[in-house]
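Trainee: Input: one structure, supplied below.
Since every read-out is calculated from the coordinates, none of them should be taken as a lab result. In this text, all values refer to a predicted model and were calculated from it rather than measured experimentally. We place every Cβ from the backbone using ideal geometry, glycine too, and count neighbours over all the protein chains shown.
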Amino acid sequence: MKKEIKVGDSTISYTHRRSARARRMRLAVGRDGAVVLTTPVRTSDHFVDGFVLRHARWVMAALARVRSLPPLDPVARYGRREYLLHREAARSFVLARIAALAPSLGVSFARVAIRNQKTCWGSCSRKGNLNFSYKILFLPAHLQDYVIIHELAHLRELNYSPLFWALVGSVMPDHATLRRELRSRRLL
């Protein structure tokens with residue numbers, strides 16, 4: 001449901017979504033500037049408005065940040081059709097790069113899945129399963145390798161401890177720079 005709330009001289013327009021799966025309230029500002037509040041099903045409207053008011057400064061700052069970002073890459077607008085078209089090419093590419101990069105970290109994996117992920121380039125499960133966004137195909141080569149090495153390192157350190165970053169740094173000493181560059185290429 002679309003809602004608006006007046007904050008001083010400004011108005012915050014947001015979408016309120018009720019979700020049976022939500023356990024807490026979550027306020028998000030998308031790359032396109034859309035403000036979305038997700039709440040558990042039985043959250044009262046009065047509480048919703050108060051939550052948005054309490055977080056109005058954060059919303060305004062997030063909207064200002066989004067407006068200052070460069071335009072989205074065309075790949076960020078891809079949908080299911082493009083996913084189905086590129087999924088197998090992405091799988092072949094990722095498997096080939098894993099075969100080349102995994103020995104440098106001394107790791108092995110259970111399986112690789114290619115997904116149409118909206119919020120992350122890759123992920124790793126406790127079972128050793130690796131997941132990658134099909135959009136990894138459209139990244140520059142140095143960022144493709146960073147994403148793959150990042151997830152391979154999680155096979156040894158399933159956290160973000162100093163040991164994890166040291167492991168990533170042992171293969172890619174410039175990982176901090178690459179991480180910042182990757183963050184500017186948000187998936188949506």
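Trainee: Straight-line reach from LYS118: which lysines have a Cα under 20 Å away, not including same-chain ones fewer than 8 places off?
Mentor: LYS135
Trainee: May I pose another question? Based on the alpha-carbon gyration tensor of the chain and its eigenvalue square roots a ≥ b ≥ c, which shape applies: rounded if a/c is under 1.5, prolate if not and a/b is larger than b/c, or oblate?
Mentor: prolate
Trainee: Further question on the same structure: If each residue of separation counts as 0.36 nm, what is the full-extension length gain between ARG18 and SER108 once their alpha-carbon separation is subtracted?
Mentor: Once the chain is fully extended between ARG18 and SER108, it gains 28.3 nm.
Trainee: Still on this structure: Rounded to the nearest 0.05, what FRET efficiency do ASN116 and ARG26 give with R0 = 35 Å and r taken as the Cβ-Cβ distance? Could you check?
Mentor: 0.95
Trainee: Please report LYS118, LYS135 as a ranked list, fewest other C-beta atoms within 10 angstrom at the top and most at the bottom.
Mentor: Least to most surrounded, the residues fall as LYS118, LYS135.
Trainee: What does DSSP give for the chain in terms of the percent of beta bridges that are antiparallel, rounded to the nearest 5?
Mentor: 55
Trainee: Oh, and also: Just want the ordering: PHE109, PHE132, from fewest to most Cβ atoms lying within 10 Å of their own Cβ.
Mentor: Sorted ascending by nearby Cβ count, the order is PHE109, PHE132.
Trainee: If you don't mind, there's one more thing I want to ask. Please say if segment 74-183 is rounded, prolate or oblate, where rounded means a/c under 1.5 for a ≥ b ≥ c the square roots of the C-alpha gyration tensor eigenvalues, and otherwise the choice is prolate for a/b larger than b/c and oblate otherwise?
Mentor: Judged from the Cα gyration tensor, segment 74-183 comes out prolate (a/c at least 1.5, a/b above b/c).
Trainee: Report the one residue of LEU137, ILE98, THR119 whose Cα lies farthest in the direction of the positive end of the charge dipole of the chain (charges on C-beta: Lys and Arg +1, Asp and Glu -1; origin at the Cα centre).
Mentor: THR119
Trainee: Net charge near TYR14: determine it from the other residues with C-beta under 15 Å of the C-beta of TYR14, scoring Lys and Arg +1 and Asp and Glu -1.
Mentor: Here the count lands on +4.
Trainee: Can you give me the relative contact order of the chain as a percent, contacts being Cα pairs under 8 Å and 6 or more apart?
Mentor: After rounding, I find 16 percent.
Trainee: Give the relative contact order (percent, whole number) for segment 89-188; include only Cα pairs under 8 Å separated by 6+ residues.
Mentor: Rounded, it is 28 percent for segment 89-188.
Trainee: Which of VAL35, VAL94 comes first, and how do the rest follow, when ranked by fewest Cβ neighbours within 10 Å?
Mentor: Ascending number of Cβ neighbours within 10 Å: VAL35, VAL94.
Trainee: Percent antiparallel among DSSP beta bridges with both residues in segment 2-68, to the nearest 5?
Mentor: Once the DSSP bridges in segment 2-68 are tallied, antiparallel ones form about 65 percent.
Trainee: What FRET efficiency would be calculated for the residue pair ARG54, ALA166, taking the C-beta separation as r and a Förster radius of 45 Å, to the nearest 0.05?
Mentor: 0.70
Trainee: Now a separate question. At a Förster distance of 25 Å, what's the computed FRET efficiency of LEU95 paired with ASP174, Cβ-Cβ distance as r, to 0.05?
Mentor: 0.50
Trainee: Same structure, new question: Whole-Hz Karplus ³J(HN,Hα) for segment 91-104, in order, using 6.51 cos²θ - 1.76 cosθ + 1.60 and θ = phi - 60°, x for Gly and Pro?
Mentor: In residue order, the calculated couplings are 4, 4, 4, 4, 4, 5, 5, 5, 4, 7, 9, 4, x, 5 Hz.
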